[in-house]
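Undergrad: I have a structure here, written as structure tokens, and I will follow up with some questions on it.
The values are calculated or read from the model by the stated rules, or taken from the named source; none is laboratory data. All figures in this text were calculated on a predicted structure; none of them were measured in a lab. Every residue, glycine as well, gets a Cβ built from its backbone with ideal geometry; the counts of neighbours run over all protein chains shown.
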Amino acid sequence: MNAILLLSALSILTLFAGAFNMKKLALPLIFIGLIGAFVLNLGEWNVSDNYFYNKMLLFDHYAVAFSGLLTILTLFIFFLCHQYYKTENASIADIYGLLIFVLIGGIIMASYSNLTMLFIGIEILSISLYILAGSRRLSLRSNEASIKYFLMGSFATGFLLFGIALVYGETHSFHLDVIRQYVELQRGNLSLKFTTGIIMMLIGLSFKVSVFPFHFWAPDVYEGSPTLVTIFMATVVKTAGFAALYRLFVICFDNTPLPDAWLNIVWGMAALTMTVGNFSALYQKGAKRMLAFSSVSNAGYLMIGVLAMNHYFSANAIFYYTAVYSLATIAAFGVLMLVEKERGSNEFSAFRGLSTHNPFLAGVLVISMLSLAGIPPLAGFFSKYYIFYAAIQRGYIWIVVIAIINSLIGIYYYFRLMISAFAKEPDMEKIPEEFSYKAALLLICLLIIALGVYPAVMSGLI
Amino acid sequence: MIIFLLAFPVISILFVLFGGRIAKCIAFGSSVAELIVSFVMFSHYQYNSNVQFLFDQPWIPQLGIRFTVGMDGISMLMVLLTNILIPLIILSSFKKEYSRPGLFYGLILLMQTALLGVFTALDAFAYYIFWEMALVPIYFIILMWGGDNRVKVTFKFFIYTMAGSLLMLIAIIFLFFQTTEHSFSHQAFANASSSLSPTVQGWLFWAFFIAFAIKMPVFPFHTWQPDTYTQAPPQGTMLLSGIMLKMGTYSLLRWILPIVPLGVAEWGNVAIILSLISVVYGSLIAIGQKDLKRMFAWSSIAHVGLISAGIFSLTLQGLQGSMIQMLSHGINIVGLFLVAQIIYDRTKTHTMSELGGIISKSPLFAGLFLIILLGSVALPLTDGFIGEFLLLSGIYQYNVWMAAVAGLTIILGAVYMLRAYQRTILGEMNGHTEEFAPLHWNETLVLVCIAGMVIFIGVYPQPILDLTGPAIKNIVDTINNQIYTLR
């Protein structure tokens with residue numbers, strides 16, 4: 001909770017720093033603030049019944065773990081900011097401020113215990129993102145992305161609100177624990193109205209995490225937005241979205257099995273998201289679009305974790321998966337961002353010669369791609385394995401078989417990007433790398449390796 | 001001590017990476033130190049079927065995964081093979097200048113750790129991790145230092161082996177959920193599978209066998225192999241054929257025979273037939289090859305087919321022979337590929353018809369090549385003879401006709417190997433071979449070591465039989481008991 005307060009103050013300060021022409025102050029301030037927020041957040045670990053504001057927010061292990069993860073991811077992304085915005089005259093302080101607002105929205109989404117807070121969290125996150133997606137004002141693609149994201153996003157919010165309203169109509173409360181009591185009282189005979197309500201909420205949240213068939217906005221928006229914002233969408237937003245989605249259902253259906261209709265829908269979504277995401281990624285020429293589809297297919301694996309939900313059983317799997325996926329994605333986008341900036345293109349061919357001119361970036365790309373492809377002993381393998389394990393334990397065998405076939409397909413396109421970095425191309429020039437940029441990427445790579453060699457540090461938190 | 005054995009190459013990678021121009025010396029030093037460590041362990045080894053040097057720690061407790069490594073005789077032999085070959089492979093590259101040597105030798109050492117892990121892991125999950133970990137360095141070695149066609153070829157290689165591994169992963173996860181205590185340990189798997197029906201074991205058998213068959217490779221999963229061997233840099237080919245291939249054959253012994261005995265009883269004959277097809281098919285294609293390196297690659301398919309057939313004969317001789325043949329094939333094939341490298345470095349060609357008359361330029365080279373070659377065609381008093389003789393007698397006990405087919409390998413092997421020798425070493429000199437420079441010191445040293453081992457094992461194979469005997473006997477007895485109780 002204290003982290004939210006600190007971050008709110010921080011974002012407003014950042015905005016002021018921009019207004020008073022003290023842009024240089026903004027970044028150091030943000031680093032200190034984010035680290036402070038992380039520490040404050042850790043302080044709430046193991047506090048029992050940690051409710052705030054009339055049970056609006058609950059900082060249990062789940063919330064604290066996800067908040068910490070979101071803060072760390074944001075911190076890593078801010079390390080990449082400086083070089084990205086160095087040559088731009090844009091009002092960076094505003095952008096930084098909005099990025100922190102996204103983080104605040106994400107933390108609320110991970111810690112809500114009342115449906116209104118869920119809605120507020122999503123809106124804080126989304127509205128900031130609508131602006132950020134269009135923050136390259138003179139670029140047509142950026143504007144298109146912004147409008148598209150806004151229209152689709154508000155559509156999704158409509159679904160969510162409608163679902164919340166239906167659930168409220170049936171249970172007379174927004175509080176998750178009241179809803180849970182209602183569900184327990186019904187003993188499996190849930191009314192049609194309530195079932196429709198939760199399915200509509202599922203759809204609304206699916207939009208945010210780009211799950212099939214609600215993923216169509218993702219590639220265009222990811223491609224059109226400034227790459228730094230795309231990283232945010234693919235990592236922080238996706239993590240927050242899954243945290244919210246999982247939390248909603250794990251609390252409400254703690255002691256009762258979920259309705260069959262809901263389970264079947266999630267099963268189908270998971271299978272189709274993986275497959276559609278993977279097959280679309282196969283045919284991409286641009287690395288950015290390929291990574292966008294990769295993020296769609298990863299949402300499919302995460303949906304398996306949602307499917308295997310039982311008393312927070314798969315929460316650890318989802319937590320670990322989002323962490324590992326986000327780290328690898330930040331690293332991959334980090335490389336892509338520099339290549340795109342220096343070579344003016346994000347097609348696979350722009351990566352040629354990277355291994356000779358920028359061996360460090362090529363190495364980062366290799367580690368992130370291997371991890372995303374799920375090659376042991378990197379963390380990506382364990383994260384997938386963890387999800388599969390959870391699913392098999394709940395008896396979902398076939399979805400795991402589909403997922404394993406899909407991860408084989410995944411290897412194909414991840415490797416294609418990686419191999420293009422090893423093509424010989426003497427004409428290309430060396431891409432300059434700043435120290436902070438390199439340090440962040442190096443740290444991420446080390447984390448990916450360390451989490452793979454010894455996953456136990458993170459896999460049993462929640 | 002076993003942890004030191006596994007970790008030492010990884011630690012030395014750090015030095016090798018930043019070693020710059022002396023990277024190869026550091027890597028060589030480290031691999032020699034590793035060899036000494038494994039000899040020390042060998043000297044402490046007790047000749048019985050127990051697992052020794054056991055190390056067992058929880059790794060990911062939430063998922064029931066432990067880190068268990070240990071060695072019985074079979075593992076010990078494979079560890080020795082790995083640690084003998086790696087220094088030789090590194091030494092053989094001393095006169096070559098690879099770009100970015102730090103990375104190159106670092107990857108070789110990473111590979112060494114992964115291979116040692118595969119040969120010692122007794123927890124299926126750790127085993128799987130090492131199994132996959134071995135794939136990554138070799139992939140990059142070929143991708144970064146390979147021939148012109150490397151990108152396509154390595155891709156096929158990677159996807160192929162990965163597909164096999166994922167099948168194995170499914171089988172491993174399935175077995176995990178069958179164990180009563182939810183454990184990945186080798187023992188638990190063996191216990192769990194005894195309650196599984198022959199049909200289920202049959203499925204598991206195929207899931208494991210295909211993964212291993214791709215690695216070895218056995219017909220019809222061999223299509224990646226000749227191209228990959230040809231495109232890889234010489235050291236990569238040596239790693240692939242000398243050691244990595246043994247991952248497949250070793251795993252047959254470790255993870256198929258004790259774990260799914262009834263599956264073996266059900267499908268072993270099909271596996272033998274596939275292996276024998278590899279023997280004949282590989283030999284025939286090898287006869288038709290014009291390219292020296294490609295011919296060695298196909299000969300490797302033939303030899304490994306015989307090893308796999310011997311393993312599935314489920315006889316003491318067959319398994320003993322497979323152990324000796326794994327060792328000697330590893331030694332011989334590294335020697336042969338080194339020969340190919342030496343010839344290529346001097347003449348820039350692998351095509352046999354463009355070579356000839358090397359003997360008058362470098363009689364030492366011709367002599368050493370001859371010894372290795374005779375080992376490969378299984379002449380008595382060379383290592384190949386002992387292995388193939390035991391393998392054939394094992395297969396003979398299983399089925400006379402199959403032994404007759406398998407015996408073709410010796411005849412066909414003599415045909416292609418001797419013809420290759422005659423075309424490259426003997427005959428007239430020509431433009432390519434006129435300037436054939438004498439051997440460098442490092443090449444001589446490696447070839448002499450290999451030729452020495454070829455003869456030593458051929459004359460005195462008893463230590464190897466003593467080393468692996470108890471463990472082999474244990475495996476054979478267990479599996480035959482299980483099959484006997486079923487019938």
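Undergrad: Which of (1) under 21 Å from the mean Cα position of the chain (by Cα); (2) surrounded by fewer than 20 Cβ atoms within 10 Å (Cβ to Cβ); (3) within 10 Å of chain A (Cβ to nearest Cβ); (4) touching a residue at least 24 places away in the same chain (Cβ under 8 Å) does B:Y128 not meet, given it meets every other one?
TA: Of everything listed in (1) under 21 Å from the mean Cα position of the chain (by Cα); (2) surrounded by fewer than 20 Cβ atoms within 10 Å (Cβ to Cβ); (3) within 10 Å of chain A (Cβ to nearest Cβ); (4) touching a residue at least 24 places away in the same chain (Cβ under 8 Å), B:Y128 misses just condition (2).
Undergrad: May I pose another question? Could you list, in sequence order, the residues of segment A:1-47 that are under 18 Å from A:Y96 (Cβ atoms) and among the β-branched types (V, I, T)? Before the answer, list the steps.
TA: We begin by selecting, within segment A:1-47, every residue under 18 Å from A:Y96 (Cβ atoms); these are A:3-4, A:6-38.
Within segment A:1-47, A:I4, A:I12, A:T14, A:I30, A:I32, A:I35 qualify.
Undergrad: Hey, any hits in segment B:177-195 for a residue that's within 11 Å of chain A (Cβ to nearest Cβ), at pLDDT below 90, more than 17 Å from the chain's Cα centre (by Cα) and not in a loop (DSSP other than H, G, I, E, B)?
TA: Step one: of segment B:177-195, the residues within 11 Å of chain A (Cβ to nearest Cβ) are B:177, B:182.
When the remaining residues are screened for being at pLDDT below 90, the result is B:177, B:182.
Next, only the ones that are more than 17 Å from the chain's Cα centre (by Cα) stay: B:177, B:182.
From the residues that got through so far, the ones that are not in a loop (DSSP other than H, G, I, E, B) too are B:177.
Scanning segment B:177-195 turns up at least one residue that is within 11 Å of chain A (Cβ to nearest Cβ), at pLDDT below 90, more than 17 Å from the chain's Cα centre (by Cα) and not in a loop (DSSP other than H, G, I, E, B).
Undergrad: Can you say whether A:P432 is at pLDDT below 85 and either at the interface with chain B (Cβ under 9 Å from one of its Cβ atoms) or buried (at least 23 other Cβ atoms within 10 Å of the Cβ) (or both), as far as the supplied structure shows? Show your work before the answer.
TA: Numbers: at pLDDT below 85: yes; either at the interface with chain B (Cβ under 9 Å from one of its Cβ atoms) or buried (at least 23 other Cβ atoms within 10 Å of the Cβ) (or both): no.
Spelling it out, it is not the case that A:P432 is at pLDDT below 85 and either at the interface with chain B (Cβ under 9 Å from one of its Cβ atoms) or buried (at least 23 other Cβ atoms within 10 Å of the Cβ) (or both).
Undergrad: Now a separate question. Condition check: touching a helix residue (DSSP H, G or I) at 6+ places or on another chain (Cβ under 8 Å), assigned to a helix (DSSP H, G or I) and either surrounded by 24 or more Cβ atoms within 10 Å (Cβ to Cβ) or basic (K, R) (or both). Does B:A134 satisfy that?
TA: Details: touching a helix residue (DSSP H, G or I) at 6+ places or on another chain (Cβ under 8 Å): yes; assigned to a helix (DSSP H, G or I): yes; either surrounded by 24 or more Cβ atoms within 10 Å (Cβ to Cβ) or basic (K, R) (or both): yes.
So B:A134 passes the test.
Undergrad: Step by step: first the residues of segment A:36-83, then only those that are part of a helix (DSSP H, G or I) and among the small types (G, A, S), then the one that is surrounded by the most Cβ atoms within 10 Å (Cβ to Cβ). Which residue is that?
TA: Within segment A:36-83, the subset part of a helix (DSSP H, G or I) is A:36-43, A:61-83.
Filter once more, so that each one left must be among the small types (G, A, S): A:36-37, A:43, A:63, A:65, A:67-68.
Working: A:G36: 16, A:A37: 27, A:G43: 12, A:A63: 25, A:A65: 22, A:S67: 30, A:G68: 22.
So the residue we want is A:S67.
Undergrad: Now a separate question. Taking the conditions exactly as written (closer than 30 Å to A:V324 by Cβ and touching a Leu at 6+ places or on another chain (Cβ under 6 Å)), does A:S135 satisfy them or not? Spell out the reasoning first.
TA: On the way: closer than 30 Å to A:V324 by Cβ: yes; touching a Leu at 6+ places or on another chain (Cβ under 6 Å): no.
No, not satisfied.
Listed here are the residues, each with its yes/no results for (1) surrounded by 21 or more Cβ atoms within 10 Å (Cβ to Cβ); (2) in a helix (DSSP H, G or I); (3) at pLDDT below 90.
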{"site": "B:G268", "(1), (2), (3)": "yes, yes, yes"}
{"site": "B:I272", "(1), (2), (3)": "yes, yes, no"}
{"site": "B:I301", "(1), (2), (3)": "yes, yes, no"}
{"site": "B:V334", "(1), (2), (3)": "yes, yes, no"}
{"site": "B:T349", "(1), (2), (3)": "no, no, yes"}
{"site": "B:S353", "(1), (2), (3)": "no, yes, yes"}
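Undergrad: Before we move on, is A:L166 closer than 26 Å to A:F76 by Cα, at pLDDT 90 or above and assigned by TED's automatic domain parsing to the domain that holds A:F242?
TA: Numbers: closer than 26 Å to A:F76 by Cα: no; at pLDDT 90 or above: yes; assigned by TED's automatic domain parsing to the domain that holds A:F242: yes.
Considered against the rule, which asks whether it is closer than 26 Å to A:F76 by Cα, at pLDDT 90 or above and assigned by TED's automatic domain parsing to the domain that holds A:F242, A:L166 comes out as no.
Undergrad: Quickly run through segment B:156-175 and pick out the residues that are touching a residue at least 24 places away in the same chain (Cβ under 8 Å), within 10 Å of chain A (Cβ to nearest Cβ) and of a type outside the set (A, V, I, L, M). Steps first, please.
TA: Initial filter on segment B:156-175 (touching a residue at least 24 places away in the same chain (Cβ under 8 Å)): B:156-157, B:160-165, B:167-172, B:174-175.
In the following step, the residues that additionally are within 10 Å of chain A (Cβ to nearest Cβ) were identified as B:162-163, B:165, B:167, B:169-170, B:174.
Passing the criteria: B:S165, B:F174.
Undergrad: Does B:L88 satisfy the criteria of being assigned to a helix (DSSP H, G or I) and modelled with pLDDT of 90 or more? Walk me through it before giving the result.
TA: Numbers: assigned to a helix (DSSP H, G or I): yes; modelled with pLDDT of 90 or more: yes.
Here the answer is yes, as B:L88 does meet what is asked.
Undergrad: Here's another thing I want to ask about it. Name the pairs whose Cβ atoms lie under 8 Å apart, with the first residue in segment B:451-471 and under 24 Å from B:F337 (Cα atoms) and free of Cβ contacts under 8 Å to residues at least 40 places away in the same chain, the second surrounded by fewer than 21 Cβ atoms within 10 Å (Cβ to Cβ) and basic (K, R), and 6 or more positions between them or separate chains?
TA: none
Undergrad: What is the one condition in (1) surrounded by fewer than 19 Cβ atoms within 10 Å (Cβ to Cβ); (2) within 14 Å of chain A (Cβ to nearest Cβ) that B:P198 does not satisfy?
TA: Result: B:P198 fails condition (2) only.
Undergrad: Which of the following residues is part of a helix (DSSP H, G or I) and at pLDDT 90 or above: B:L103, B:L80?
TA: Answer to the check: B:L80.
Undergrad: Turning to a different aspect of this structure: Is one or more of the residues making up segment A:306-326 within 21 Å of A:T230 (Cβ to Cβ), surrounded by fewer than 24 Cβ atoms within 10 Å (Cβ to Cβ) and within 14 Å of another protein chain (Cβ to nearest Cβ)?
TA: No: zero hits.
Undergrad: Go through segment B:142-169 and give me each residue that's under 18 Å from A:F381 (Cβ atoms) and not aromatic (F, W, Y). Step through it out loud before you land on a result.
TA: Keep residues of segment B:142-169 that are under 18 Å from A:F381 (Cβ atoms), which gives B:158-159, B:161-169.
Passing the criteria: B:I159, B:T161, B:M162, B:A163, B:G164, B:S165, B:L166, B:L167, B:M168, B:L169.
Undergrad: Go through segment B:363-397 and give me each residue that's surrounded by fewer than 21 Cβ atoms within 10 Å (Cβ to Cβ), closer than 22 Å to B:L465 by Cβ and either more than 20 Å from the chain's Cα centre (by Cα) or not hydrophobic (A, V, I, L, M, F, W, C) (or both).
TA: Those that are surrounded by fewer than 21 Cβ atoms within 10 Å (Cβ to Cβ), closer than 22 Å to B:L465 by Cβ and either more than 20 Å from the chain's Cα centre (by Cα) or not hydrophobic (A, V, I, L, M, F, W, C) (or both): B:L379, B:P380, B:L381, B:S393, B:Y396, B:Q397.
Undergrad: Out of all the residues in segment B:180-189, which are out of contact with any Phe, Trp or Tyr (no Cβ under 7 Å at 6 or more places or on another chain), surrounded by fewer than 19 Cβ atoms within 10 Å (Cβ to Cβ) and not acidic (D, E)?
TA: Going residue by residue through segment B:180-189, those that are out of contact with any Phe, Trp or Tyr (no Cβ under 7 Å at 6 or more places or on another chain) are B:180-181, B:183, B:185-189.
Subset that is surrounded by fewer than 19 Cβ atoms within 10 Å (Cβ to Cβ): B:180-181, B:187.
Matches in segment B:180-189: B:T180, B:Q187.
Undergrad: For segment A:338-422, which fully contained helices (runs of 4 or more DSSP H) count at least 1 residues that are surrounded by fewer than 19 Cβ atoms within 10 Å (Cβ to Cβ), of a type in the set (A, V, I, L, M, F, W, C) and more than 11 Å from every other protein chain (Cβ to nearest Cβ)? Please lay out each step first, then the result.
TA: Values: elements: A:354-357, A:359-373, A:379-393, A:397-420.
Once the helices (runs of 4 or more DSSP H) in segment A:338-422 are filtered for at least 1 residues that are surrounded by fewer than 19 Cβ atoms within 10 Å (Cβ to Cβ), of a type in the set (A, V, I, L, M, F, W, C) and more than 11 Å from every other protein chain (Cβ to nearest Cβ), what remains is A:359-373, A:397-420.
Undergrad: Determine the pairs where a residue that is farther than 12 Å from A:I462 by Cβ and touching a residue at least 40 places away in the same chain (Cβ under 8 Å), located within segment A:304-326, has a partner that is of a type outside the set (A, V, I, L, M, F, W, C) and surrounded by fewer than 23 Cβ atoms within 10 Å (Cβ to Cβ) with Cβ atoms under 8 Å apart, the partner being 6 or more residues away or on another chain.
TA: From residues that are farther than 12 Å from A:I462 by Cβ and touching a residue at least 40 places away in the same chain (Cβ under 8 Å), the pairs are A:I304/A:Y396; A:L307/A:R394; A:L307/A:Y396; A:A308/A:Q393; A:A308/A:R394; A:A308/A:Y396; A:N310/A:R394.
Undergrad: Check A:L115, A:L166 and return the single one that is buried (at least 22 other Cβ atoms within 10 Å of the Cβ) and touching a residue at least 12 places away in the same chain (Cβ under 8 Å). Break it down stepwise before answering.
TA: Details: A:L166 fails: buried (at least 22 other Cβ atoms within 10 Å of the Cβ).
Step by step, each of A:L115, A:L166 is checked, and only A:L115 is buried (at least 22 other Cβ atoms within 10 Å of the Cβ) and touching a residue at least 12 places away in the same chain (Cβ under 8 Å).
Undergrad: Does segment B:12-38 hold any residues that are surrounded by 13 or more Cβ atoms within 10 Å (Cβ to Cβ), of a type outside the set (G, A, S) and within 22 Å of B:T120 (Cα to Cα), and which are they? Outline the logic, then answer.
TA: Taking segment B:12-38 and keeping what is surrounded by 13 or more Cβ atoms within 10 Å (Cβ to Cβ), we get B:12-13, B:15-17, B:19, B:22-35, B:37-38.
Subsequent filtering for residues that are of a type outside the set (G, A, S) retains B:13, B:15-17, B:22, B:24-26, B:28, B:32, B:34-35, B:37.
Result: B:I13, B:V32, B:E34, B:L35, B:V37.
Here is a yes/no grid of residues against (1) within 23 Å of B:I129 (Cβ to Cβ); (2) among the charged types (D, E, K, R):
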| position | (1), (2) |
| --- | --- |
| B:L81 | yes, no |
| B:L85 | yes, no |
| B:I90 | no, no |
| B:K95 | no, yes |
| B:Y98 | no, no |
| B:L115 | yes, no |
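Undergrad: Only one of B:K152, B:K95 is more than 20 Å from the chain's Cα centre (by Cα) and assigned to a helix (DSSP H, G or I); which? Break it down stepwise before answering.
TA: Working: B:K95 fails: assigned to a helix (DSSP H, G or I).
B:K152 is the lone residue from the list that is more than 20 Å from the chain's Cα centre (by Cα) and assigned to a helix (DSSP H, G or I).
Undergrad: So the check is Cβ under 8 Å with 6+ separation or different chains; which pairs have a first residue in segment B:52-68 that's farther than 19 Å from B:Q178 by Cβ and more than 14 Å from chain A (Cβ to nearest Cβ) and a second one that's of a type in the set (K, R) and assigned to a strand (DSSP E or B)?
TA: If the second residue must be of a type in the set (K, R) and assigned to a strand (DSSP E or B), the pairs left are B:D56/B:R66.
Here is a yes/no grid of residues against (1) modelled with pLDDT of 90 or more; (2) not hydrophobic (A, V, I, L, M, F, W, C):
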| site | (1), (2) |
| --- | --- |
| A:W217 | no, no |
| A:E223 | no, yes |
| A:V236 | yes, no |
| A:V266 | yes, no |
| A:K285 | no, yes |
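Undergrad: Of the conditions (1) modelled with pLDDT of 90 or more; (2) surrounded by 23 or more Cβ atoms within 10 Å (Cβ to Cβ), B:I358 satisfies every one except a single condition; which number is it?
TA: B:I358 satisfies all of (1) modelled with pLDDT of 90 or more; (2) surrounded by 23 or more Cβ atoms within 10 Å (Cβ to Cβ) except (1).
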